[in-house]
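Single-structure report; data block below.
The values are calculated or read from the model by the stated rules, or taken from the named source; none is laboratory data. This structure is a prediction, so every number in the text was calculated from the model and none was measured. Cβ atoms come from the backbone with ideal geometry, glycine included; neighbour counts cover every protein chain shown.
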Amino acid sequence: PGLPEKPYNISDKNSFAYVSARDRWPVILTQAVDDVFKHTSNSEDGIRKQEGSKIVAQIAQLKYELQHDRTITPLEDDGGDDIAGYNEELEKLGNPRWFDAPWLFAECYLYRRLNTFFANSKTWKTHDVFRVQKTNAFKSSRAAVLKLASQYRQIVSSLKESKEPTDTRETAETEKEIFTDMSKMCLWGNATDLSLLTTRASKDIQKLQENHSDQVYHVLKKQRDEGKVGRVDIVLDNSGFELFVDLVLGGYLLAAGFATEIIFHPKSLPWFVSDVLLGDFADLINALRDPVSYFDSPGNGYSPGGTEPETPLSDSEKSDLEFLFSEWSELHTQGKFLLRPNRFWTTAASYWRLPSAAPQLFEDLRQSELVIFKGDLNYRKLTADAAWDPTTSFPKAIGELGKVGSGVRILALRTCKADVVVGLGKGKDAELRSGDSEEMKRKWAWSGKWAVIQFWDGKL
Ligand code: F6P
Ligand code: MG
């Protein structure tokens, strides 16, 4: 489908695309080299050592090509059925140089290329080059995890005790507030993103620009009132703390009777540093199974602020985490928490192409009552990462999916970490830009301090 607006390109020096390619990606690749190097020197296995050195050289080569603005080369075949698609796209784009390529394509290509090095080895096939970073970041979010664990336990326990959802006006209001809080909590869980930690620590507090969570509440409540509760899907973004809040939201939706099952969509290969792989899901559940050794182990923290080891977990903290572990393992066993990976999520395609490029996945998502897209990259893909006028409506910017009767109910929970943004009131973008010394740039939207909650009901 023809895009009315151009996708952001790395050649645009006013965009975050340019800054990303120039400043962030080299750092990310250097960290990947460090990781492989460390794992290589720890290994006793001769072949693994040899292959490790080769991978280090390949990553260094990739970094060289990027920094010297070479032509982006076709991906080497590693058996993945997505390789051909990447290479066809590259050709269609006219085999651009790095600093003249569409941002979305180049960034997806970067992570896919990195993965070919591992996939084409014998001993590193499943190595997750970002795993250590992800684990350390999760450990450093201990305080927030403990706080939410206790709140979750209270909310879910009281929902389980109250048998009937009483239908007075007041309780609906209270319920709507809880729903909104849950959505916001799940949204801001995205503000901690490892790929951005190369340029800043994302601790600052933020503001919500557009919030459609009331509409979503009413749709779900209506479904429940009419006895038509169904499944909710969460297209995951980052692991660790964000995955934790996604599980909190999922568990809440089940307990409140807004969903019968939650389907989580993780990635199939290490992606944008922090994204969830199946293994990260397992890591999180194991952390809850044994929180003392996970959160209390000495020298555990990646702590951007450099804090000292924390106090040991108290008995009530331990018991809250145990509650979470038993709840979530049970939901998993009962088939109410399901994981459903799909290679489409790690192609470079925007979701404008979802219906044609991944028809089965599209059909599957149409079976859902609500599909929640988490984070920045999902939003870029929803909107084709194009330079929309910021007042463009959300449904217009998401192409096919935004059509009446598309069959997919879409909720985007997005903290803004890139240039593209839609659904803003007239003049808002100018207002947010003004005061910035470099007004040509939409810097306010890069920081992760602003966010949008946008909804389109494709079942209308
Ligand atoms: O803007 C920085 C960036 O790395 C983008 O390239 C990418 O869209 C995003 O952050 C990743 O963030 P998230 O994990 O929220 O998708
Ligand atoms: Mg991510």
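Quick notes
- Number of residues in region 225-250 that are surrounded by fewer than 21 Cβ atoms within 10 Å (Cβ to Cβ) and in contact with a Phe, Trp or Tyr (Cβ under 9 Å, 6 or more places away or on another chain) equals 1.
Quick grid of which residues meet (1) without any contact (Cβ under 8 Å) to a residue 12 or more places away in the chain; (2) farther than 30 Å from residue 106 by Cβ; (3) touching a Leu at 6+ places or on another chain (Cβ under 8 Å):
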position	(1), (2), (3)
212	no, yes, yes
219	no, yes, yes
230	no, yes, no
244	no, yes, yes
272	no, no, yes
275	no, no, yes
283	no, no, no
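- Among helices (runs of 4 or more DSSP H) entirely within region 212-297, having at least 2 residues that are within 28 Å of residue 395 (Cα to Cα) singles out 213-225, 241-255.
- Remark: residue 92 falls outside the filter, which requires a residue to be more than 16 Å from ligand 2 (Cβ to nearest atom) and farther than 25 Å from residue 383 by Cβ.
- Leading residue by the ranking (farthest from the chain's Cα centre (by Cα)) among those in region 340-360 that are closer than 19 Å to residue 7 by Cα and not in a loop (DSSP other than H, G, I, E, B): 357
- Taking each residue of region 99-127 that is β-branched (Val, Ile, Thr) and looking for partners that are in a helix (DSSP H, G or I) with beta-carbon atoms closer than 7 Å, six or more apart or interchain, yields 123/47; 123/48; 123/51.
- Restricting attention to region 82-100, the residues that are touching a Phe, Trp or Tyr at 6+ places or on another chain (Cβ under 8 Å) and of a type in the set (A, V, I, L, M) total 2.
- Condition check for residue 40: outside the structural domain of residue 384 (by TED's automatic domain parsing), within 25 Å of residue 381 (Cα to Cα) and either touching a helix residue (DSSP H, G or I) at 6+ places or on another chain (Cβ under 9 Å) or not in a helix (DSSP H, G or I) (or both): no
- In region 188-211, the residues that are assigned to a helix (DSSP H, G or I), modelled with pLDDT under 85 and closer than 28 Å to residue 369 by Cβ: 191
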